[in-house]
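Okay, structure first, notes after.
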Amino acid sequence: LCGADELAVVSLPSYACQRHTPLLHHNTVLIDALSILAENAELSENEGRGVAFRRAGALLKSLPQEIRRVEQLRGQPCLGDHSLRVIKEVLEDGVCCEVETTKESRQFKAMKALTGIFGVGAKTADRWFREGIHTPSDLQRSGHNLNRAQRAGVQYYDDLNQPVRKAEADAIGLIVEKAVSEVLPGAKITLIGGFRRGKETGHDVDFLITHPEEGREEGLMAKVVSWLEAQGFLLYHKTTRNSYLESKDGPARPPSNMDRFERCFSIFRLTREESSMLSQCSGSRSWMAVRVDMVVSPYSQFAFALLGWTGSKLFERELRRWAVHERAMTLSSHTLYDSTKRQYLRANSEEEIFALLGLEYIPPCGRNA
Ligand code: 8DG
Ligand code: MN
Ligand code: MN
């Protein structure tokens with residue numbers, strides 16, 4: 001028996017950077033199930049397992065049609081036994097037992113609630129969970145000493161756990177643009193992260209800042225932050241200096257995913273006047289707290305920074321994996337290094353970087369892996 005739908009799906013390439021992954025796809029229920037298991041693995045600091053579920057989910061996002069029977073997936077890459085078992089169960093029973101158990105588990109719920117606090121990672125959350133702390137309220141009652149980021153995280157918990165909408169991202173974009181043009185005329189800002197990939201909501205807003213004259217961008221973040229602070233726009237900020245140095249011998253090994261640009265992790269105070277869309281402000285509140293990331297790159301590294309900060313996180317990981325394993329190159333948000341030729345490869349656009357990697361160009365809206 002060979003239904004029409006069984007033949008319809010051709011095998012996709014295995015790296016997410018070799019295919020388009022749109023925002024809207026045809027297998028939401030299956031992907032949601034795999035995402036829960038990925039999230040649980042990440043919260044348990046089982047990175048490998050998390051990546052395996054994420055890759056399986058991303059493969060399903062790239063499929064041009066809804067999957068009804070697991071046999072339709074024969075020949076597809078990225079689907080391990082565990083993921084296939086989950087998919088089969090959801091297709092046959094509507095739910096997967098392991099996913100339901102995970103969702104309901106006290107540990108998963110607590111870890112989600114605690115890592116939902118800005119400044120709290122899986123390690124810290126796990127330590128607190130084992131002390132019996134399951135919620136932000138438990139944490140406040142416990143009298144634990146929190147660092148500055150975590151205190152802000154607790155203080156603005158509700159706002160920061162509301163999705164940020166595109167209209168709010170645009171309102172913040174206008175503010176950052178004003179700040180940047182006040183302190184360094186000619187500097188330009190670009191919306192990056194999920195909003196650049198076409199998402200309508202996000203957990204934060206990300207911006208990349210540069211100036212066409214190399215060197216003019218040095219020290220820019222500190223000035224932008226002072227301006228924003230003087231205007232009362234910042235509830236929290238932590239600025240990190242640029243620490244990037246190009247080594248003649250190529251990038252350090254193993255290359256770190258963290259880049260070394262001047263950057264600022266911040267929390268903005270967005271008022272009703274700035275964003276006419278603040279209907280979600282509760283009661284008499286006339287403002288809301290919004291997470292904002294800003295990165296400054298020298299003009300010569302702009303294309304790499306743009307590619308590296310547009311995401312998604314899995315797409316970035318796949319690009320770097322492709323570069324190393326298929327091209328013997330090291331890709332970062334600063335440069336591309338060819339280990340065979342022992343030289344850095346320059347590029348002025350994302351298109352050029354894809355070409356240097358021997359990949360078909362994937363626009364931002366196709367990078368939602
Ligand atoms: P969301 O906020 O809409 O929920 O999703 P997102 O915009 O895709 O995620 P994000 O957490 O804001 O991250 C955006 C991109 O920035 C993502 O591709 C990963 C990248 N990124 C960081 N931190 C760092 C870093 O330290 N170095 C580099 N190179 N990239 C980073 O978030
Ligand atoms: Mn983001
Ligand atoms: Mn971000």
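The values are calculated or read from the model by the stated rules, or taken from the named source; none is laboratory data. Keep in mind that what you see is a predicted model, and the values were worked out from it rather than measured. As a convention, Cβ positions derive from the backbone with ideal geometry for all residues, glycine included, and neighbour counts pool all protein chains shown.
Against the list (1) modelled with pLDDT of 95 or more; (2) surrounded by 13 or more Cβ atoms within 10 Å (Cβ to Cβ), the condition residue 230 fails is (2). Restricting attention to region 157-193, and to residues there that are among the acidic types (Asp, Glu) and away from ligand 1 (no atom under 16 Å from the Cβ), which single residue is nearest to residue 112 (Cα to Cα)? Among those residues, the one meeting the criterion is 158.
The C-beta contact set for region 237-258 (first residue under 30 Å from residue 148 (Cα atoms) and modelled with pLDDT of 85 or more, second residue of a type in the set (Phe, Trp, Tyr) and not in a loop (DSSP other than H, G, I, E, B), distance under 7 angstrom, 6+ apart or interchain) comprises 238/265. Determine whether residue 368 is closer than 29 Å to residue 172 by Cβ, surrounded by fewer than 16 Cβ atoms within 10 Å (Cβ to Cβ) and assigned by TED's automatic domain parsing to the domain that holds residue 229. No, not satisfied.
Among the criteria (1) of a type in the set (S, T, N, Q); (2) in contact with a Leu (Cβ under 9 Å, 6 or more places away or on another chain); (3) exposed (fewer than 14 other Cβ atoms within 10 Å of the Cβ), the one residue 147 does not fulfil is (2). Candidates are the residues of region 58-87 that are without any contact (Cβ under 8 Å) to a residue 24 or more places away in the chain and buried (at least 16 other Cβ atoms within 10 Å of the Cβ); the one that is farthest from residue 43 (Cα to Cα) is 70. Screening residue 173 with (1) surrounded by 20 or more Cβ atoms within 10 Å (Cβ to Cβ); (2) within 30 Å of residue 28 (Cβ to Cβ); (3) in the same structural domain as residue 203 (by TED's automatic domain parsing); (4) of a type outside the set (Asp, Glu) gives one miss only, at (1).
Residues in region 256-272: is at least one farther than 18 Å from residue 292 by Cα, over 24 Å from the mean Cα position of the chain (by Cα) and more than 16 Å from ligand 3 (Cβ to nearest atom)? Within region 256-272, not a single residue is farther than 18 Å from residue 292 by Cα, over 24 Å from the mean Cα position of the chain (by Cα) and more than 16 Å from ligand 3 (Cβ to nearest atom). Figure legend. Inter-residue proximity from region 172-183: first residues within 18 Å of residue 276 (Cα to Cα), second residues in a helix (DSSP H, G or I) and not polar (S, T, N, Q), beta-carbon distance below 8 Å, spacing 6+ or different chains. Indicated pairs: 175/228; 176/224; 176/228. Note on region 108-121: residues that are small (Gly, Ala, Ser) and either assigned by TED's automatic domain parsing to the domain that holds residue 46 or under 13 Å from residue 134 (Cα atoms) (or both) amount to 3. Residue 224 meets all of the listed conditions (1) surrounded by fewer than 20 Cβ atoms within 10 Å (Cβ to Cβ); (2) within 24 Å of the chain's Cα centre (by Cα) but one, namely (1). Is it the case, given these coordinates, that residue 217 is assigned by TED's automatic domain parsing to the domain that holds residue 307 and loosely packed, with under 14 Cβ neighbours inside 10 Å? So residue 217 does not fit the description; no.
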